[in-house]
Structure formats: C-alpha cells, structure tokens
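Shown next, in structure tokens, is the structure this report addresses.
Any read-out appearing in this document is the output of simple, stated calculations on the displayed coordinates, not a laboratory observation. Keep in mind the model is a prediction, meaning the values are calculated, not measured. In this analysis, Cβ positions are derived from the backbone assuming ideal geometry, glycine residues included, and neighbour counts consider all displayed protein chains.
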C-alpha cells in the first residue's frame, strides 16, 4: 500500500478481500488534533463506529 497523508478531519477507506476472500475495509482518519486512527473491519460503517468510539476516548484522555 502506498504512503498517503491525511489532513486533520480527513478520512480514507479502501475495500479489499483478505486471504480467505472475505470483503474488508482499511479505514484511516486524522482527528482535528492530528492524531491518526487506523483499522481493518468488515464494513465502512463498522470502521466509522470504531473511529467514533476512539474519538470519544481521545477526548477523555486529552481534555484541555
């Protein structure tokens, strides 16, 4: 996979099939504070939900 950069607030996803032929999604999101979230999931919706959960945790950990 080629190196790519995300601006704060930007997301990117890529559909692919794993070694068993199961459809998957590679998902990346750069938070407004510049922190990067990445995951591989079964669907884009699942990846976005995981990202939202991560963002909630980030707000708790880095409250200014």
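Some values worked out for this structure:
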item	result
Packing-based order for 35-43, 47-55, 11-19, using average beta carbon neighbours within 10 Å, highest first	47-55, 35-43, 11-19
Gain in span if fully extended, residue 12 to residue 54, counting 0.36 nm per residue against the direct Cα distance	13.5 nm
Relative contact order (percent, whole number), the stretch 11-58, Cα cutoff 8 Å, 6+ residue spacing	28 percent
